[in-house]
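The structure under discussion appears below in the form of structure tokens.
The values are calculated or read from the model by the stated rules, or taken from the named source; none is laboratory data. None of the values given here were measured: they were computed from a predicted structure. Cβ: placed from backbone, ideal geometry, glycine included. Neighbour counts: every protein chain shown. The area values use the complete protein model at the heavy-atom level, side chains included, leaving out ligands, DNA and RNA. Shrake-Rupley method; radii C 1.70, N 1.55, O 1.52, S 1.80 Å.
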Amino acid sequence: MRWWDIEPVFVLEKELFPDDAWSRGMFWSELAHARGPLATRRYVVAMDGERLVGYAGLASAGDQADVQTIAVAPGHWGTGLGSRLLTDLLGAATAFECAEVMLEVRVDNTRAQKLYERFGFEPIGFRRGYYQPGNVDALVMRLTDPSTSVNSGQGTDSHG
């Protein structure tokens with residue numbers, strides 16, 4: 001992801017997550033940490049010709065990484081794009097030498113939960129009212145040793 005991707009990413013973000021969409025500033029802030037030798041973030045986009053159809057981001061700190069976001073345009077659900085985006089993030093987590101990867105996913109987003117489970121993520125708890133303003137709970141999931149999961153999640157995709 002580059003600075004010129006922020007506007008189409010933001011449009012898709014608002015479409016997919018209208019109640020709790022990230023702001024443009026949040027994406028700018030994340031990209032500020034995605035370049036150079038001290039980078040702690042990995043953000044990628046997926047294009048279908050000239051149209052942005054997906055994006056994903058990961059943050060690392062020490063030996064732990066967090067999947068910040070994965071989004072796939074509805075017309076591309078079921079194509080494997082979510083799996084490819086997650087595979088890229090897990091490769092980045094391995095490159096960042098992270099021993100585990102964490103994420104939060106809406107409790108009502110079963111498509112995304114199934115994607116994460118295929119990659120070996122396991123539920124470890126809940127964050128009550130995590131997604132605001134809708135007050136929707138998040139399921140917290142963890143993957144230990146992302147280097148062993150990079151090729152395990154083939155199949156349908158999702159967004160989380």
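Within the stretch 54-76, can one find any residue that is in contact (Cβ under 8 Å) with a residue 60 or more places away in the chain and open to solvent by 40 Å² or more (accessible area, probe 1.4 Å)?
No, the stretch 54-76 contains no residue that is in contact (Cβ under 8 Å) with a residue 60 or more places away in the chain and open to solvent by 40 Å² or more (accessible area, probe 1.4 Å).
Quick one: VAL105 ticks every box in (1) in contact (Cβ under 8 Å) with a residue 12 or more places away in the chain; (2) open to solvent by 30 Å² or more (accessible area, probe 1.4 Å); (3) part of a strand (DSSP E or B) except a single one, so which number is it?
Among (1) in contact (Cβ under 8 Å) with a residue 12 or more places away in the chain; (2) open to solvent by 30 Å² or more (accessible area, probe 1.4 Å); (3) part of a strand (DSSP E or B), VAL105 violates only (2).
Could you say whether any residue in the stretch 33-42 is in a strand (DSSP E or B), of a type outside the set (A, V, I, L, M, F, W, C) and modelled with pLDDT of 95 or more?
Yes, the stretch 33-42 has at least one match.
Could you check, for the stretch 3-19, whether at least one of its residues is in a loop (DSSP other than H, G, I, E, B), buried (at least 16 other Cβ atoms within 10 Å of the Cβ) and not hydrophobic (A, V, I, L, M, F, W, C)?
Taking every residue of the stretch 3-19 in turn, none turns out to be in a loop (DSSP other than H, G, I, E, B), buried (at least 16 other Cβ atoms within 10 Å of the Cβ) and not hydrophobic (A, V, I, L, M, F, W, C).
Suppose we filter the stretch 77-102 for residues that are among the aromatic types (Phe, Trp, Tyr) and buried (at least 17 other Cβ atoms within 10 Å of the Cβ); how many remain?
Going through the stretch 77-102 one residue at a time, the tally reaches 1.
Just the residues that are open to solvent by 40 Å² or more (accessible area, probe 1.4 Å) and either touching a Ser or Thr at 6+ places or on another chain (Cβ under 7 Å) or of a type outside the set (A, V, I, L, M) (or both), please, taken from the stretch 30-39. Don't jump to the end; show me each part of the working.
Within the stretch 30-39, the subset open to solvent by 40 Å² or more (accessible area, probe 1.4 Å) is 32-33, 35-38.
HIS33, ARG35, GLY36, PRO37, listed by residue number.
So how many residues does the stretch 121-135 have that are touching a residue at least 40 places away in the same chain (Cβ under 8 Å) and part of a strand (DSSP E or B)?
Residues that pass the stated criteria total 1.
Give the number of residues within the stretch 75-86 that are in contact with a Leu (Cβ under 8 Å, 6 or more places away or on another chain) and of a type outside the set (A, V, I, L, M).
2
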